[in-house]
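Peer 1: To start, I am sharing the structure in question, which I have written as structure tokens.
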Amino acid sequence: MRFRAVSCCLALVPFALGFAPSAKAFGAPGELGIRHRIDVVVSAEPDAPIFQHFRSAKGELTFTVRLSANSRESKFFGMLHPSFPDITVPDSSGKPLVQQTKLWEEEVCHQRRGLPKVTVTQLSGHFGEGEERIEISAINRHIGLLVPPDELTPGIKLDQGSDDLGVFYAFRAQTRNSRLNVDLKIYPIDCFF
């Protein structure tokens, strides 16, 4: 009885091993992967001070984005410093201050491992000229420090959407007093690696 059970098991070993080589190796060429693109749009709330006093005024904005996008095939961590020196305040709040602009894009296709981590940490700039000039300086709240006069609240999740570039996930950073919005749109792009 024992001999028969052992011989049956031994007969199944070559059968089971016969299928092993045909399985695809993890990370083999031709496997579906992903890469990400991040775009930015800057807008202002309808009750923003710039719409009350600075319509059609010229200005500029700069901000800092902390980005962490790590996978086995691609690693990136750093601070991005986009600058928009020629902004004109629109006539209505329905138009953005900064049109959608590419901020960062991965060049390497990699395994699916979630979205990159992006945080707007500060925003600064000005609008107007001379005595009519308004300065904007917003930063994140930090433990142990006073709340900044124009606090920047990052990580406000917006609804998922799609446009000409594809499906995107959006996150907003908003300033409390100047009422500006920095929207980051993360596009997952399918690719093969």
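The values are calculated or read from the model by the stated rules, or taken from the named source; none is laboratory data. Quantities reported herein were computed from a predicted structural model and do not represent experimental measurements. Counting neighbours? That spans all protein chains shown, and the Cβs are built from the backbone with ideal geometry, glycine included. We work out accessible area using only protein heavy atoms, side chains counted, and drop any ligands, DNA or RNA first. Shrake-Rupley method; radii C 1.70, N 1.55, O 1.52, S 1.80 Å.
Peer 1: Could you state the number of Å between the C-alpha centres of the stretch 132-193 and the stretch 99-131?
Peer 2: Answer, in whole Å: 8.
Peer 1: Using the Cβ atoms and a cut-off under 13 Å, what net charge is assigned to the surroundings of E151, where Lys and Arg are +1 and Asp and Glu are -1?
Peer 2: Numbers: positive: R141, R176, R179; negative: D150.
Value of the local net charge: +2.
Peer 1: Can you compute 3J(HN,Hα) from phi for each residue in the stretch 161-166, using the Karplus curve 6.51 cos²θ - 1.76 cosθ + 1.60 with θ = phi - 60°, rounded to whole Hz and x for Gly and Pro?
Peer 2: Each residue of the stretch 161-166 in turn: x, 8, 8, 4, 7, x Hz.
Peer 1: On to the next question. Which residues' amide hydrogens lie under 5 Å from the amide hydrogen of N140, considering only partners 5 or more residues apart or on another chain, with H built in the peptide plane?
Peer 2: HN-HN under 5 Å from N140: L152.
Peer 1: Leaving out ligands and nucleic acids, note down the accessible area per residue over the stretch 27-175 with a 1.4 angstrom probe, in whole Å². Kindly include the intermediate steps, with their values, before the conclusion.
Peer 2: Details: 8400 Å² over 149 residues.
With the other protein chains kept in place, the stretch 27-175 gives 56 Å² per residue.
Peer 1: Ignoring any ligand, DNA or RNA, what whole percent of the accessible area of the stretch 106-193 comes from carbon and sulfur when the probe is 1.4 angstrom? Before the final figure, lay out each step's value.
Peer 2: Values: 2700 of 5200 Å².
The nonpolar share, carbon plus sulfur, comes to 52 percent.
Peer 1: From the phi angles alone, apply the Karplus equation (6.51, -1.76, 1.60; θ = phi - 60°) to the stretch 36-47 and give each ³J(HN,Hα) in whole Hz, x where the residue is Gly or Pro.
Peer 2: Values, residue by residue: 10, 10, 10, 10, 10, 9, 10, 9, 10, 5, x, 9 Hz.
Peer 1: Using a 7 Å offset from the Cα along the Cα-to-Cβ direction at both L115 and T153, what is the distance between the two label points in nm, to one decimal?
Peer 2: 1.8
Peer 1: Rounded to the nearest 0.05, what FRET efficiency do D47 and H142 have when you use their Cβ-Cβ distance and R0 = 22 Å?
Peer 2: 0.25
Peer 1: Another question about this same structure. Round to a whole number: what % of the accessible area of the stretch 27-96 belongs to carbon and sulfur, probe 1.4 Å? Present the calculation step by step, with values, prior to reporting the outcome.
Peer 2: Details: 1800 of 3450 Å².
Within the stretch 27-96, the accessible surface is 52 percent carbon and sulfur.
Peer 1: Which residues' amide hydrogens lie under 5 Å from the amide hydrogen of C191, considering only partners 5 or more residues apart or on another chain, with H built in the peptide plane?
Peer 2: Residues meeting the amide H criterion: G33, I34, R35.
Peer 1: For the stretch 28-154, just the Cα atoms, rotate onto the principal axes and tell me the three extents in Å, largest first.
Peer 2: Cα spread of the stretch 28-154 along its principal axes, largest to smallest: 62, 38, 22 Å.
Peer 1: Between E73 and E31, 0.36 nm times their residue separation minus their Cα-Cα distance comes to what?
Peer 2: Numbers: separation 42, 0.36 × 42 = 15.12 nm, distance 1.32 nm.
That pair, E73 and E31, stretches by 13.8 nm at full extension.
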